[in-house]
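The next block holds one structure in the form of structure tokens; read it before the comments.
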């Protein structure tokens, strides 16, 4: 038994989660400051109590197409590789507890998400929860 | 902070001081080795050892005391001139210093000395004391022989000063202690303090040969030892006598301070009194046991004392203090963590103050404004002071080098002298931490690989002793550090070859790289210059680590080398203390901060100036400024923000330009608007954004929004307004010509193809006239033999050329006997430009107007001698 808590969220109607232990906080509609010349998936920076944190658009990072009008305006602030980073998502979900042993392989038919960013998948009643690897997510391209 | 006992505190102070002394000693030893007759240095070294020995004695570190004692004896002989300093002696003494340091570290970790002794080292030191024929001198441990005879001489001036400074400190400590003891006679820390102070003065007195003072304090110390040990009680008499002694001590210090000589007092009476006290110890103890009351017992032993209180009152001091202790230097030690904390808090305060100012600018409240003004002022001053407190001279790193270099040179059999310039250049502590290791590596490298052996140097016609020079200075908001050696320099071809052998570059690259690029291969990861990897500068993790360390603090490292002559490494580090003054500018609705340090001036062009102020030269927008031309960059463009506003379009009503400086070149940055000058807290960018060259960080403005901080050098490079060394375009030559002759520049005026053309003289190599017979025609090609090669010729028709064939309109067709040709300067293809007629070479302040219909090859039009001439772009013409 290896139950862990996961912080979940939605992007483009898909359901994702990352380990709660790396998540510091979740903030709605934090003012975003655009940064010219930034890599594509960096939306800008946010001011978190005096600290300047890079905001990464997870929709872009995960490889979804642009075009969906829903803004990724929820900040999931996480500590990854000794640095704070803000993963921008569309909507936040609940904290779920999952036993790591119950994780399944990522279905081969999964489209649109870079596979190396995922750790595994978990069947939830309504839909499939895809567990993300925070280190890989936060890697600079 | 956890409370430490007085004893622990003492040990800690002892350690800190001793480490410092040892560092100083290292430097002095090396200096002494070069200059064995330098008495002052020798005396200084002696003093350091002596001080350490004294403290050891006091703190009970016997083994260490024994070791330092042996060293002291040896030094004593040196000082008295009975022995001369040899390499063997220096080595032994340096070894002693190292051993002492090790012991100190053991004490630091365990609170006690190590278990072992130092028999071998002590034996060496003793053996070296043996003088030829005179027999070894056994300087007594505590007798005055270690001190100077007679009053302090002239060369001891510094010691006197130190003595006076310390003496005052000791005496005032005693004063404090006496006050404590008045209320609490059992205050053991006060008693300890008295003993320490007395012994301190005793030690100083012995060192300076003040025999009487020494005897007095010796006796006083004896008494205090008994009091501390509980064998003597703190009675009125004891207190009086000791207070008296303290007074005399104070007087002596003052007298020495003002006259340089000890007071003519032998203190016999007082010494006697103290002695009597000392010898009544046995009786005291007996009586105390009998009477059961401490104060009473003491009083009874001395019937002539009429007072009856149990606590001896503090007698008003009789001391004659004529001398203010302004010789005492007031410094305190502060924990570095505390400084960092202060720094952070001041940073937050600055942010808060900025928010206040922001709010204030919108408010009409004048009282609030006045109050905030004060807050503003104080915050700024506080910030400056904190930043100053964190500054350390780079010498603190450099002072380890003399010893290191000496040892290294000896090990390698080389001879190196160190020259230092600017050791007092101050840097923020964090910067010093960051560059410590890289610098050390560079220095070691220079000695290991750079400086040749004395034989090799001799063969090369150089002095046998190599020189290593360290330089540091502030310039333009940066710290420049130069490490130069006059060694063998770097063989770039060999570097390139090794890089290829290590698969760092391809053979093709090896062919095509410039020398400069090859030289920089040294910084590539995995590269190592030594054929065998030596212990000394390490394997190929050296230079690339140096570079990355330096770049981590936003610095740049550059290397320059001349084979046979030497190598110079330059390190430039921006002084990015966390809070800097900056100018806020706006571009496309966002704010950006430009560090004041790179800011030269601010220009606003309005109305007509907008059109005339920005000219295009060589496809680069420029602006005439202070007698020169500065290239312009558009911030919007550099940030790749879409939208209108670039030069080509119809001019806006006003244009704001900030003149910036990067690498000693000025350039202008066109922005939308210029806001205020503010102080900003520099915040680092995260991993994803760190690599963007035009940004140096970010800051939070008063309204909570983030503004990016422009990295001026990065921006300049990305906008190509500072070109690489060696490639000089039209621009720089113009600017240089400008600098000398204000706005005048030279053109070659020609007539060609029915037009008057102006060719910038700086682009012209030569003007030639060929006889028609020298010109050969081969099909479409027209050629002439020119300086050993064949030069094709074309007819200049304005911004372009055409074939100068006999069939087309050209001087060739006209069959002139002589053809005028303009030979342009070129790196590549040689090409001669045939013109109808060369009119003149002129120098003037030519104003260039932008062409109405831009034509490639034509920069613009200008008016020369009343007629319009087209200013042609030679480079463009050559390319087409």
| task | Could I have the simple spin-label model distance between residue B:816 and residue A:4, label points 7 Å from Cα toward Cβ, reported in nm to one decimal? | result | 8.5
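Using a 10 Å cut-off around each Cβ, can you sort A:10, B:592 from fewest to most neighbouring Cβ atoms? Show your work: numbers first, answer last.
On the way: A:10 17, B:592 26.
The order, fewest Cβ neighbours first, is A:10, B:592.
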| query | Relative contact order, percent, of chain A when contacts are C-alpha pairs under 8 Å separated by at least 6 residues? | reply | 29
| task | Starting from the Cα of residue B:35, step 7 Å along the direction of its Cβ; do the same at residue B:609; then give the gap between the two resulting points in nm. | result | 5.8
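Given R₀ = 41 Å, what would the calculated FRET efficiency be for residue B:494 paired with residue B:436, taking r from the Cβ atoms and rounding to 0.05? Let's see the in-between values first.
Numbers: r = 30 Å, r/R0 = 0.73.
It comes out at approximately 0.85.
Could you work out the relative contact order of segment B:581-718, using alpha carbon pairs under 8 angstrom and six or more residues apart, expressed as a whole percent? Kindly include the intermediate steps, with their values, before the conclusion.
Values: 263 pairs, mean separation 39.9, N = 138.
It rounds to 29 percent for segment B:581-718.
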| said: How large is the translational diffusion coefficient of segment B:762-809 in µm² per second when you combine the Kirkwood radius over alpha carbon pairs with Stokes-Einstein at 10 °C and 1.306 mPa s? | reply: 134
| Calculated FRET efficiency, residue B:690 and residue B:781, Cβ-Cβ r, R0 60 Å, to nearest 0.05? | 0.65
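When a footprinting reagent is the concern and you count Cβ atoms within 10 Å, what order do B:203, B:189, B:666, B:817 take, fewest first? Intermediate results must be reported in sequence, preceding the final value.
Values: B:203 25, B:189 14, B:666 21, B:817 7.
By the 10 Å Cβ count, ascending: B:817, B:189, B:666, B:203.
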| message | So for segment B:338-389, averaging the separation of alpha carbon pairs under 8 Å that are six or more residues apart and normalising by length, what relative contact order in percent results? | response | 60
| field | Overall Cα dimensions of segment B:581-718 - principal axes, largest extent first, Å | value | 41, 30, 25
| request: Kindly state, to the nearest 0.05, the FRET efficiency for residue B:755 paired with residue B:508, given R0 = 51 Å and r defined as their beta-carbon distance. | output: 0.65
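Sort B:567, B:90 so that the residue with the fewest other Cβ atoms within 10 Å of its own Cβ comes first and the one with the most comes last. Working shown, then result.
Numbers: B:567 25, B:90 16.
The fewest-first ordering by Cβ neighbours comes to B:90, B:567.
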| note | Listed residues A:108, A:44, A:63; largest mean-square fluctuation, Gaussian network over chain A with Cα springs below 10 Å, found at A:108
| task | Report Rg(Cα)/(2.2 N^0.38 Å) for chain A, keeping two decimals. | result | 1.01
| task | Just report the Cα centroid separation between segment A:20-50 and segment B:787-860, whole Å. | result | 59
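Just the number, please: percent antiparallel of the DSSP beta bridges in segment B:745-880, rounded to the nearest 5. Numbers along the way, then the final one.
On the way: 41 of 46 bridges.
Of those bridges, close to 90 percent are antiparallel.
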| note | Both in Å, the radius of gyration and Dmax of the C-alpha trace of segment B:6-141 are 14.6, 49
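Readers should treat all values here as calculations from the given coordinates under stated rules, not as data from a laboratory. No experiment lies behind these values; they were computed from the predicted model shown. Every residue, glycine among them, receives a Cβ derived from its backbone with ideal geometry; neighbour counts consider all protein chains shown.
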